[in-house]
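This report concerns only the one structure given below.
The values are calculated or read from the model by the stated rules, or taken from the named source; none is laboratory data. Just so it is clear, the model here is predicted, and its values are computed rather than measured. Here the Cβ positions follow ideal geometry from the backbone for every residue, glycine too, while neighbour counts run over all protein chains shown. Heads up: the accessible areas ignore ligands, DNA and RNA and are worked out on the full protein's heavy atoms, side chains in. Shrake-Rupley method; radii C 1.70, N 1.55, O 1.52, S 1.80 Å.
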2 protein chains.
Amino acid sequence: MASATKKRPTINDVAHLAGVSIKTVSRVFNDEPNVRPATRDRVVDAAGELGYRPNLSARRLAANRTFVIGMLYDNPKAPDYVADVQYGALRVCRTRGYDLLIHPCDAQSPTLVDEILDLHHRATVDGLVVLQPVSDQRKLNQALLDQGIVSVRVSQRPFAGLPRISVCDQEAADEMTEHLIELGHRRIGFIMGHPDHGSSHDRLAGYTSALERHGIAYDGALVEHGLYDYESGYACAGRLLALSPRPSAIFASNDHMAMATLTAAHELRLEIPRDLSVAGFDDTSFAGFSWPPLTTVRQPVVEVAQLATELLLDRLQDRAEDTSDHRLRAEIVYRASTGKTSEIA
Amino acid sequence: MASATKKRPTINDVAHLAGVSIKTVSRVFNDEPNVRPATRDRVVDAAGELGYRPNLSARRLAANRTFVIGMLYDNPKAPDYVADVQYGALRVCRTRGYDLLIHPCDAQSPTLVDEILDLHHRATVDGLVVLQPVSDQRKLNQALLDQGIVSVRVSQRPFAGLPRISVCDQEAADEMTEHLIELGHRRIGFIMGHPDHGSSHDRLAGYTSALERHGIAYDGALVEHGLYDYESGYACAGRLLALSPRPSAIFASNDHMAMATLTAAHELRLEIPRDLSVAGFDDTSFAGFSWPPLTTVRQPVVEVAQLATELLLDRLQDRAEDTSDHRLRAEIVYRASTGKTSEIA
DNA sequence: CTGAAAGCGCTTACAG
DNA sequence: CTGAAAGCGCTTACAG
């Protein structure tokens, strides 16, 4: 019986009841200064009595802002990543009174730029958090910059003019490689990720820098080129395990390819980590569920999203230029898939 | 140099240039009838020339609709499910000119009802798709019904007055159990899911109905109570594998618990499926990556979300009452973790 | 098939 | 510290 056709109270109703102007009600609801405490109380009481809620649509039209930010991404195969990123962005949005509009898209789409500009021009979002690999589309970045659309990039590659957040992938990959070296491994296979992703190159660089520092010669035969998916990882692992002598450890550039390596090894009846150490990257939700549980790198994905969102909202408030560059550290998660080599030196 | 302070063209600018009234421009952009083709063309041309895009905020205020629907859920541990559901909802939203606002929440929060009503009262969303287990909160459902907030539930439990979509979990669990029976298994362990989820009970019901039909006595010792997470699954599997005689197959109510069962079995040096068949439920992204790959049940999650969104948008258009109930079938995905029993009868 | 008027419920820019 | 006026850019409800 409730609702029916009872009209929602407006700012006018509250102003009447409180005996003030609508401007004063507006001040109270926007936490603006210059309202006497007693006046404020009367407004709050009146609003409470009427069950008043400011109408967002009206606020948006009058203020010419939407109080919504958009999140652009193209990660059909990485639900864990997307979930973490949404979580981080949402946390910040909620404390600051913004809503989040998710906008998965096809990074390769020829109409991507128009699609995104339209999103902004129709007053759907005030600004954008752009995740990799979309954030590496130069055309899009240039359009965002030209149109003055406030946005923050999450990317392993720089783009002048737009603020950016990245993860220290190279350092983490270096550290993981060092971990394997310290366990006694010398023939360490490496499975690279998709060549279009900046992270692939960073992770390879970390692998090579660690080898070099420890005086281990780089051997191209030990480096396979995958695409970050299970299938390519499985093929790469198969080739590495067919090498003679076989590597005693394999470092895959992400967990999917590490899982594939585990399977390839199991099929050869290798025991892990006795016969082969396997390391991954990303610490996806299933990394702790494999047999054995995977040693991998945990990226601060939630933190990255939080920071990106904070930077975006900061810019949205004080329209200051921001071309800052932030780097967050990743950490290694030691599990049971890596261990001392049993090789006879 | 672009943007600068150049004002965005409005409906008035287009009307002027085309030599028509703003009402006619409005008609064209809303695909309303009663516009002569020639007039329509002039409007389209004028809009194109000016780069006009209707301002959503104005449209929302005038039409008293937001063209946004909200998606409510509480699945911190199920990124795969959430990703699929978002994907399905977004597909429908895009073809019908709506945006999607995600609203993860805590189903147990005492302020949940207020939070959701506020979302609607502030004119943030026109309606809601509510996913389980949030959709099983009676207080929330009652509030949605009382307030006349258009919403569609995805749930394994009915609630009079609100349309609902469910998956035939019981049938699928029955079918999976039958699959195991046909492989020769007689002592089949079952790991139940979280007791607060309707699906847990449906899946158990499917297990028992298949046993009964095949004349296998129900044995309470073979049924363990988990919570849908890895840890509880591991504990349950441990207890089942300690039974004497050991079950020759274990059917876990979801993939996380099935993965845990795989690990528990590996630790006992059991070979799968030779010594033990293991089946899961959900076909999560990693189900194909385990060792061995998991036989499981694929739920039509994307389809569920699409249907829910379609029903919601239909109701939003022709305010008709809708208390329909839809059931979608799940299918078994046969992989390598289940096989013929090697038991000596 | 087309349009003039009113209004949606706020904020902005001022004035005092 | 407070308010009156104008306006944001559309749609609604009519009239013709």
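Things to note:
- Taken residue by residue and averaged, Cβ atoms of other chains lying within 10 Å of the Cβ of B:78-89 number 4.
- Distance between modelled label sites at B:Ala242 and A:Gln142, nm, 7 Å Cα→Cβ extension: 6.6
- Amide N of the range A:57-79 lying under 19 Å from the label point, which is placed 7 angstrom from the Cα of A:Asp106 along Cα→Cβ: A:72-78
- Panel note: contact residues of the range B:236-269 (accessible area lowered by at least 30 Å² against the chain on its own; 1.4 Å probe) correspond to B:Met259, B:Thr263, B:His266, B:Arg269.
- Taking the inverse of the mean reciprocal distance over all distinct Cα pairs, the Kirkwood hydrodynamic radius of the range B:210-345 comes to 16.8 Å.
- The residues of the protein assembly as shown expose on average 44 square angstrom of accessible surface per residue, using a 1.4 Å probe on protein heavy atoms.
- Amide H partners (placed H, <5 Å) of A:Val68, local residues excluded: A:Asp99, A:Asp126
- Distance between the range A:138-156 and the range A:180-255 - C-alpha centres, whole angstrom: 33
- Signed unit charges on C-beta, dipole axis of chain A, positive-most listed residue A:Phe190, A:His120, A:Pro9: A:Pro9
- A Cα-only calculation for chain B places Rg and Dmax at 26.2, 89 Å.
- Helix-only mean residue ellipticity at 222 nm for chain A, each DSSP H run of n ≥ 4 adding -39500 (n - 2.57), per residue, nearest 500: -13000 deg cm²/dmol
- The range A:45-163, accessible surface, carbon-and-sulfur percent (1.4 angstrom probe): 50
- Pairwise centroid distance, computed over Cα atoms, of the range B:15-87 with the range A:34-66, Å: 28
- The three principal axes of the C-alpha atoms in the protein assembly as shown carry coordinate ranges of 83, 66, 60 Å, sorted with the longest axis first.
- The range B:11-54 pair-distance distribution - Cα-Cα, 5 Å bins, rounded %: 5, 29, 41, 21, 4
- The share of accessible area on the range B:273-345 that comes from carbon and sulfur is 50 percent, using a 1.4 angstrom probe.
- Legend: mean number of C-beta atoms from other chains within 10 angstrom of residue C-beta atoms, peptide A:49-60, equals 5.
- Extension gain (nm, one decimal) between A:Val302 and A:Thr95, 0.36 nm per residue minus Cα-Cα: 73.0 nm
- Label-point gap, in nm, between B:Tyr218 and B:Ala205 - each point 7 angstrom along Cα→Cβ: 1.2
- Summed over both chains, the accessible area lost when A and B associate is about 4500 Å², using a 1.4 Å probe.
- Copy-to-copy label separations for A:Tyr218, where each label sits 7 Å from Cα toward Cβ, in nm and ascending: 6.5
- Among B:Thr309, B:Thr124, B:Thr295, the residue with the largest mean-square fluctuation in a Gaussian network model of chain B, with springs joining Cα atoms closer than 10 Å, is B:Thr124.
- Only alpha carbons enter this Debye calculation for the range A:99-247, each as an equal point scatterer, and the log10 of I(q)/I(0) it gives at q = 0.12, 0.13, 0.19 Å⁻¹ is -0.64, -0.71, -1.08.
- For chain B, built as a Gaussian network whose Cα springs stay under 10 Å, the top-fluctuating residue of B:Gly97, B:Gly226, B:Gly51: B:Gly51
- In plain terms, the chain from B:Glu32 to B:Val333 could stretch by 103.7 nm, reckoned as 0.36 nm per residue minus the Cα-Cα distance.
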